[in-house]
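Some notes on the structure that comes next.
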Amino acid sequence: MARRTVSIKDVAAASGVSIATVSNVLNNRRFVSEELKQRVYKAVDELDYTVNPIARSMRASKSFAVGVVVLDLNCIFFAPMLKGIQKVMSRAGYSVIMYDSNYSMELEMKYSRMLANSMVDGIILAGISTEENSMFYSSLRSSTGRSMLPIISIENNLSDIGIDSVYIDNEKASYTATSHMIELGCKRIAHIKAPQTTTSNSARLRGYRKALMDSGLEYDSSLELDGDFSAASGYQAALRLIRAGKNFDGIFAANDQMAVGAMRALHNYNINIPGEVKIVGFDNTFVASIMDPALTTIRVPNYQMGVSAAQCLLRRIQNPQEKVSSIQMEYELIIRRSTMASAQTNWDMVYW
């Protein structure tokens, strides 16, 4: 027997609200209380409700598809973020088209142009942010023959050029991470940098330098090492420090993978963590809690950032003239045994 198609009327009945309320929740069109939202979402999930995209597109003259361009789909940081985007957009009846720019500004622009030309209803961008790129996106928004293509930026704050943005204060977060080691007695802290191709990465470097300056510690440019976000680059960076005979008692890495790579290099040379060298990462990806010792890191709410960006995109699609959103989310320093041997830590198995 064929399965009966679930309608929006069924969702309204199951959640005990009006059809208009269901529509407002799924399209993020008007304010609905959190309690009613959760009732609607629960009904959607239990009934396995989906929108007929072809019929809906014909009625609304929209594609009901959005594009997402990220720096690296292999990077474990992006998985929860993409999950958050997918969940919100799917509930609203949108399909999601994803592209991986592989840290290439040329590819990022190419894929964004392809998405715009394919008439997606909007783009979520977790990518590179340079003056050239900003100019490109500013022009892309008005070059599609429509009033204004909605573009949402994650991680990089582009609100000053009219693009809605969801991000954390990366400079302050890095300042917090570096200051944590200084407070524990570190005086020679190395930094494994991320590629300086985005405003967020540059902010992390500034935060590290500012923490040293404010604490009166001597700045040593030879303690700054280039990384590329991979564990291998963190490993090689730490090896360069060790083999050069550099005096260091702390490492702040711009992401967890590079921190993990650095930890492996220290282990290979029997350098005790945190007794001789303390290490802090960034992002609080799932590997941080299962390392030995577990990694102190900055928790970035990547899943919530994806949810917030998707909700922001839905609002922008519905209200093109709405004021530009600049949504700064909270970060948190998670202290584990890579900096404090006495720290009580548990495995974090939420996303794996």
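The values are calculated or read from the model by the stated rules, or taken from the named source; none is laboratory data. What you see is a predicted model, and the numbers here were worked out from it, not measured in a lab. Cβ coordinates were reconstructed from backbone atoms using ideal geometry, including for glycine residues, and neighbour counts include every protein chain displayed.
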In the list Q304, Q311, which residue meets the criterion of being outside any strand (DSSP E or B) and surrounded by fewer than 16 Cβ atoms within 10 Å (Cβ to Cβ)? Q304
Suppose we filter the stretch 95-113 for residues that are more than 15 Å from the chain's Cα centre (by Cα) and in contact (Cβ under 8 Å) with a residue 40 or more places away in the chain; how many remain? 4
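Scanning for something at pLDDT 90 or above and in contact with a Phe, Trp or Tyr (Cβ under 9 Å, 6 or more places away or on another chain), does the stretch 135-153 turn up at least one residue? Break it down into steps so the answer makes sense when it comes.
Going residue by residue through the stretch 135-153, those that are at pLDDT 90 or above are 150-153.
Right, trim to in contact with a Phe, Trp or Tyr (Cβ under 9 Å, 6 or more places away or on another chain) and you get 151, 153.
Yes, the conditions are met somewhere in the stretch 135-153.
Listed here are the residues, each with its yes/no results for (1) closer than 20 Å to A341 by Cα; (2) crowded, with 24+ Cβ neighbours inside 10 Å; (3) of a type outside the set (G, A, S); (4) in contact (Cβ under 8 Å) with a residue 40 or more places away in the chain.
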position: I251; (1), (2), (3), (4): yes, yes, yes, yes
position: N255; (1), (2), (3), (4): no, yes, yes, yes
position: M258; (1), (2), (3), (4): no, yes, yes, yes
position: N284; (1), (2), (3), (4): yes, yes, yes, yes
position: V287; (1), (2), (3), (4): yes, no, yes, yes
position: P293; (1), (2), (3), (4): yes, no, yes, yes
Options L225, L217, L205, L239: the member that is of a type outside the set (D, E, K, R), in a helix (DSSP H, G or I) and over 18 Å from the mean Cα position of the chain (by Cα): L239
Selected residue (only one of D45, D72 is among the acidic types (D, E), modelled with pLDDT of 85 or more and under 28 Å from the mean Cα position of the chain (by Cα)): D72
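State yes or no: is G245 at pLDDT below 95, assigned by TED's automatic domain parsing to the domain that holds L205 and either surrounded by 24 or more Cβ atoms within 10 Å (Cβ to Cβ) or not polar (S, T, N, Q) (or both)? Steps first, answer last, please.
On the way: at pLDDT below 95: yes; assigned by TED's automatic domain parsing to the domain that holds L205: yes; either surrounded by 24 or more Cβ atoms within 10 Å (Cβ to Cβ) or not polar (S, T, N, Q) (or both): yes.
It is true that G245 is at pLDDT below 95, assigned by TED's automatic domain parsing to the domain that holds L205 and either surrounded by 24 or more Cβ atoms within 10 Å (Cβ to Cβ) or not polar (S, T, N, Q) (or both).
Conditions tested, residue by residue: (1) crowded, with 20+ Cβ neighbours inside 10 Å; (2) of a type outside the set (G, A, S); (3) assigned to a loop (DSSP other than H, G, I, E, B).
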| site | (1), (2), (3) |
| --- | --- |
| V324 | no, yes, yes |
| Q328 | no, yes, no |
| L333 | no, yes, no |
| S338 | yes, no, yes |
| A343 | no, no, yes |
| N346 | no, yes, yes |
